[in-house]
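Report on the following structure.
Computed from the coordinates by the stated procedures, all read-outs in this text should not be read as laboratory data. The shown structure was predicted, so the numbers you read here are calculated from the model rather than taken from an experiment. Neighbour counts are summed over all protein chains in view; Cβ atoms, including those assigned to glycine, are modelled from backbone coordinates with ideal geometry.
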Amino acid sequence: MALSDAETIRRTYWRENRRWMLILGSIWFVVSLGCGVLWVEPLNQIRLGGFKLGFWFAQQGAIYAFIILIFSYASVMARLEKRLGLEEPEA
């Protein structure tokens, strides 16, 4: 049984969406848990603006990384929607 065009687009969209969520979620996990908790001692040997790098990641760096990942996800999804013809009509 052949899939309709709409079904093919839907499957492609969700496959790509899950893929990017996994990639970006993994980056967030590594930055927040790895740099803020697991590797804090080695990172504390480096100073950033007078603060130990491990402390900086635990307090601010993970938040900055999360914000960057949000904008990255929005950008990737906008390109995917445009490629698949699913973008929002302009008002």
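Numbers for the structure displayed
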read-out	value
Angle between the chain longest axis and helix 5-29 axis [Cα atoms, degrees, rounded to 10]	0 degrees
Answer label, with P(r) over Cα pairs in 10 Å bins from 0, in percent calculated from the coordinates and candidates [x] 17, 49, 26, 6, 1; [y] 15, 32, 23, 16, 11, 3, 0; [z] 17, 53, 27, 4	[y]
Using a Förster distance of 22 Å, the FRET efficiency for ALA78-ILE23 (Cβ separation, nearest 0.05)	0.85
Nearest-20 debye value, the chain charge dipole, Cβ charges on Lys, Arg, Asp, Glu	300 debye
Tilt relative to the chain, helix 62-84 - C-alpha long axis, 0 to 90 degrees, to 10	10 degrees
GNM result for the chain, Cα springs below 10 Å: residue of PHE71, PHE51, PHE29 fluctuating most strongly	PHE51
